[in-house]
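To start, the structure itself, in structure tokens.
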Amino acid sequence: MTDQKTTPETVNDVPEQGVETPGMNETGGETLEETTPEARIEALEAEVAELKDRWVRSEAENQNIRARAKRDVEDARQYAIQKFARDVVEAAENLQRGLASLPTKTEGEDSLITKLREGIEGTERSFINILERHGITCEDPTGKPFDANLHQAMAEQPSDQHTPGHVMQSWTPAWLLKGRLLKPAMVVVAKGTPEADAAKASPGLDTTA
């Protein structure tokens, strides 16, 4: 009886399923590199540009924050006395009212009245100078156009001697602290008379009898 010998099969003839051969893609071709050096450089340059843009924006925002902080500190330093300044100008106005309440200066008036007036006038001048050294100033709006930012209209009166819309009388001046309004001026504003309004409405009409 003759023994039958089996010939071993060559395992390399057919590749096993599910195992990818290095250098081959699904279609049997060679696999390309995922990124080229040029593409990698381009991606890095784009990333650098984005980071630079973020840095520029961040630096600009930091500068704005520093500028706002500096401005806030400066405002706090300059206007910290604002509430106190309002009370001080009340005292200045009381001096002015006291001076205005004195009789008009006349020839041969009582020496006591003269000395009292001179004393109040000297005190007022000294007080105003002290306020000005600390940035507190006053403006008399009489004769100037009415400005709602600086003036508070207490009344409106017809007048043929004042330009309509102008201040014909000021009860108190406008007070400012380094250019910022502390207290508006109390004013009387002029308005046109009926005759003047009629003349403007009919400029060619002769109103003389």
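The values are calculated or read from the model by the stated rules, or taken from the named source; none is laboratory data. Note that the structure is predicted; figures quoted are calculated from it, not measured. Just so you know, the surface numbers come from the protein's heavy atoms only, side chains and all, with ligands and any DNA or RNA stripped out. Shrake-Rupley method; radii C 1.70, N 1.55, O 1.52, S 1.80 Å.
Key figures
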item	result
Kirkwood Rh and Cα Rg combined as Rg/Rh, the stretch 58-173	1.16
Counting all C-alpha pairs of the stretch 136-197, share separated by more than 20 Å (%)	26
Å² per residue, accessible surface of the stretch 136-197 at 1.4 Å	55
